[in-house]
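Since every read-out is calculated from the coordinates, none of them should be taken as a lab result. Given the structure is predicted, the values throughout are model-derived calculations rather than measurements. Every residue, glycine as well, gets a Cβ built from its backbone with ideal geometry; the counts of neighbours run over all protein chains shown.
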Amino acid sequence: MKTIAVLSLKGGVGKTTTALYLAAVASSQGQAVTIIDADSEHSACRWAAHAELPFEVIEGEPDRLARQVKAARNQGRTVIIDTPPNSRELLLRAGGLADIALVPVAPTGLEVDRLGPTLELLADLQAQRDELDVAVMLTRYNARRRLAREAEEALEGLPVLEARIRELEIYKAAFGGMPTELEEYLAVWNEVQE
Ligand SMILES: Nc1ncnc2c1ncn2[C@@H]1O[C@H](COP(=O)(O)OP(=O)(O)O)[C@@H](O)[C@H]1O
Ligand SMILES: [Mg+2]
C-alpha cells in the first residue's frame, strides 16, 4: 500500500477535502485506511468527529510522524497524510515519508503562481529519494472559465494528473459527513497508483 501525502504550502487549496475523499475511495476498495492529520488546526480530525467513517483519522504528532506512519503501515494500512499550509518543515517531513506527494491546486493565476515554492521543496526531496512521485492535481476545476485554460498552460511541463476534480457543491458541503460521489477522486486514486 502506498503512502500519500497531500501537500501544499498554500492553504485553502483542497488538501483536507482530498485526504478525506481519497480515504473514502481506498476504503470502498476494502483497504484499511489511516489519515494522519498533521495540521495543528486538525480539520481532518474535526471532520471525522462529526461523521461515521469507514477509516480512522488520527492526530499527527510532528516529532513522531515517522513512527506513526510506520506503525500504520506495519498493520497493512493505507496511509494518507494531511498537512498544514505554510510549514516547510512539515511539508518536508510528510513528503519524506510518502511514496506519492499529491499537490492540489485550483486553476487560478494566484494558486498556480504559489505552486512554485512547494514544487521546489519537493524537487529537493526527490533528489534525496528517487522513489518519491510528485503529482499536481487540479481541483475546483471549471473548464468553461478562460482562467482555467491559462492556468493549464502555466502548468505545462509539470506532472499534472489527467484526472481532475471539478468545483462542485458536493465537495464544498462535504465537511463533517461521509464523502459520497467518489468517481472523480477514484480517477485520481487510480492514476496515482499507476
Ligand atoms: N472541488 C471542490 N469544489 C468546491 N469546493 C471545494 C472543493 N474542494 C475543496 N473545496 C472547499 O474549499 C475550501 C478549502 O478546502 P480544504 O480541503 O479545507 O483545503 P485545505 O485543507 O488545503 O486548507 C473548503 O471550504 C472546501 O469545502
Ligand atoms: Mg486542511
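Just a few scattered comments:
- Remark: the GLN128-LYS70 segment gains 18.9 nm on full extension, using 0.36 nm per residue and subtracting the alpha carbon distance.
- For the pair ASN142 and THR108 in one chain, pulling the backbone fully straight at 0.36 nm per residue adds 11.2 nm over the alpha carbon distance.
- Annotation: amide H of ARG166 within the under-5 Å range of TYR141, sequence separation 5 or more or interchain, hydrogens built in the peptide plane.
- Backbone HN-Hα couplings from phi across segment 100-105 [Karplus 6.51/-1.76/1.60, Hz, Gly and Pro as x]: 10, 9, 9, 10, x, 8
- Cβ-based net charge around LEU186, under 15 Å, with every Lys or Arg adding one and every Asp or Glu removing one: -4
- Mean ellipticity per residue at 222 nm, deg cm²/dmol - from DSSP H runs of n ≥ 4 across the chain, formula -39500 (n - 2.57): -12500 deg cm²/dmol
- Amide H contacts under 5 Å for ILE35: GLU56, VAL57, ILE58, ILE80, restricted to partners 5 or more places along the chain or on a different chain, H placed in the peptide plane at 1.01 Å from N.
- Pairs exceeding a 24 Å alpha-carbon distance, out of LYS70/LYS172; LYS15/LYS172; LYS15/LYS70: LYS70/LYS172.
- Bridgeable aspartates and glutamates around LYS10 (alpha carbons under 19 Å apart, same-chain partners fewer than 8 residues away excluded): ASP37, ASP39, GLU41, ASP82, GLU89, GLU111, ASP113, GLU120, ASP124, GLU152, GLU167.
- Normalised convex hull volume, segment 4-189, alpha-carbon set, Å³ per residue: 108 Å³
- Charge dipole (debye, nearest 20) of the chain; +1 at Cβ of Lys and Arg, -1 at Cβ of Asp and Glu: 240 debye
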